[in-house]
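As structure tokens, the structure follows; a few thoughts come after it.
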Amino acid sequence: MSISAFIYCNILVVQGGISTSLKSNFNDKILYSNDFGYNPIGDSTQRLGNNIKQNKLNAKGLNFRVNIDSRFVSVDNVCAWPNLTVLRDGTIIATIFNQPSHAKREGDVECWASTDGGKFWEKRGIAALHDPNANRMNVAAGMANNGNLVVVASGWSLTPASKPGGARDIISVLRAWVSVSSDGGRTWKVKKDAFPLAEKDMTEFVPFGDILTGNDGSIRVLAYAQSLDKKINKVSMFRSTDDGKTWRWLSQVSDGHKVKESMDGHNETAFFHLGGGKWLAAARRWRGGQALDLIRSDDDGKTWRYDQPLTQSNQHPAHLLRLNNGHLLLTYGNRIPGQFGVATKISQDEGMTWSNEFLVIDDLKSGDSGYPSSVQLPDGKIMTAYYSVGVASHQRYHMGTVIWSLPSQIK
């Protein structure tokens, strides 16, 4: 199998800062040309062996790559952990944490918008404004059946800063708030008691990923929690029948007893409704190398079963998307040394088997990066948002976006 890669340009374009004023956009391209095929592997043992083989190829520089159209620094000086939602008018909303810090600063959940397919972004509003000595940063977001934008956001209580703007220590997870916007993220109504309280001997719930509609018409969200003795992580599904205004616990997706490699449970978990009450969840192992596992439900999220491993260690967390051709797109953070960035796989059979891994980007500064969220644009290209502590040409935290397409062999 021959592989050729041609990199014509490696320029990141800064599009916007913390303010809403936008800077000029120099739309250079980063192009890759490759020749390779689709190799589905279904059995879990075969899959694991295939992934190990893939990593050996990667170590030799024989990486499978997607075709890059353009790439930008879209929101500067933020840790972000972006979540993307496409509104009915085509606007793409990025819900992000607005500070360049891993939880150790006061900060808010902001809403940024792009009306041109991810080339330019503008701040629209604040979905969750932090209290003093706290932040709001862990989010799930999506669109309710009535078209409203819904954000579920938790965060951390913090010790007082020793000096203005200084780092703080985190104390405990805060109860998740529910924020609803009826005007595309410009203004928000926040309910601080609409999401369930913590279970006995567990932290408050930490939301993650998309908000999606179930087979019964209710909207769903996933959130995880850690035992107070720090021995286990659990992932739960929650359900709302009033377009996100209030939420109720529905089921446990992972309790740490599904499979040997993930006996300590999972935390950040992406999910997708295949239709007809069939769901997939790509769950990050809390320990066990922090790989991704695939978990399934066939009864509209009431019960779940372990299916197969999806990635190698240090590849997490995930996002799942249905493409226009019916295939499933799995994008995930890649924290393997030498490949820091975002990778992807495709399934043509509802997640039963998955393609080889393709690198989307692999030039980020460190493993402090990833957390991709993807949407498909009207022209069929894919836009993925991610965060990074920096790249060679831009040494600051930022939300990056990359517009790309799959090789023709697997479209």
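Miscellaneous remarks
So that you can scan it fast, the table gives a plain yes or no per residue for (1) out of contact with any Phe, Trp or Tyr (no Cβ under 6 Å at 6 or more places or on another chain); (2) under 20 Å from residue 289 (Cα atoms); (3) surrounded by fewer than 22 Cβ atoms within 10 Å (Cβ to Cβ):
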{"site": "305", "(1), (2), (3)": "yes, no, yes"}
{"site": "320", "(1), (2), (3)": "no, no, no"}
{"site": "342", "(1), (2), (3)": "no, yes, no"}
{"site": "354", "(1), (2), (3)": "yes, no, no"}
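- Condition met for residue 354 (among the hydrophobic types (A, V, I, L, M, F, W, C) and within 21 Å of residue 93 (Cβ to Cβ)): no
- Filter result for residue 289 (modelled with pLDDT under 95, surrounded by fewer than 17 Cβ atoms within 10 Å (Cβ to Cβ) and either at positive phi or of a type outside the set (Lys, Arg) (or both)): yes
- Residue that is surrounded by the most Cβ atoms within 10 Å (Cβ to Cβ), among those in region 210-267 that are farther than 12 Å from residue 295 by Cβ and among the basic types (Lys, Arg): 220
- Tabulated pairs, region 168-182, first under 18 Å from residue 207 (Cα atoms) and without any contact (Cβ under 8 Å) to a residue 60 or more places away in the chain, second in a strand (DSSP E or B) and charged (D, E, K, R), C-beta under 8 angstrom, 6+ apart or interchain: 174/136; 177/136; 177/191
- On the stretch given as region 300-349, residues that are of a type in the set (Lys, Arg) and over 15 Å from residue 384 (Cα atoms) total 3.
- Considering residues of region 180-197 that are in a strand (DSSP E or B) and among the β-branched types (Val, Ile, Thr) only, the residue surrounded by the fewest Cβ atoms within 10 Å (Cβ to Cβ): 190
- Note on region 366-383: residues that are in contact with a Gly (Cβ under 9 Å, 6 or more places away or on another chain), polar (S, T, N, Q) and either free of Cβ contacts under 8 Å to residues at least 12 places away in the same chain or within 16 Å of residue 114 (Cβ to Cβ) (or both) amount to 1.
- Taking region 131-175 as the range and being buried (at least 21 other Cβ atoms within 10 Å of the Cβ), within 22 Å of residue 91 (Cα to Cα) and aliphatic (A, V, I, L, M) as the test, the residues that pass are 139, 140, 141, 143, 149, 150, 151, 152, 153.
The values are calculated or read from the model by the stated rules, or taken from the named source; none is laboratory data. All values derive from a computational prediction rather than experimental measurement. In this analysis, Cβ positions are derived from the backbone assuming ideal geometry, glycine residues included, and neighbour counts consider all displayed protein chains.
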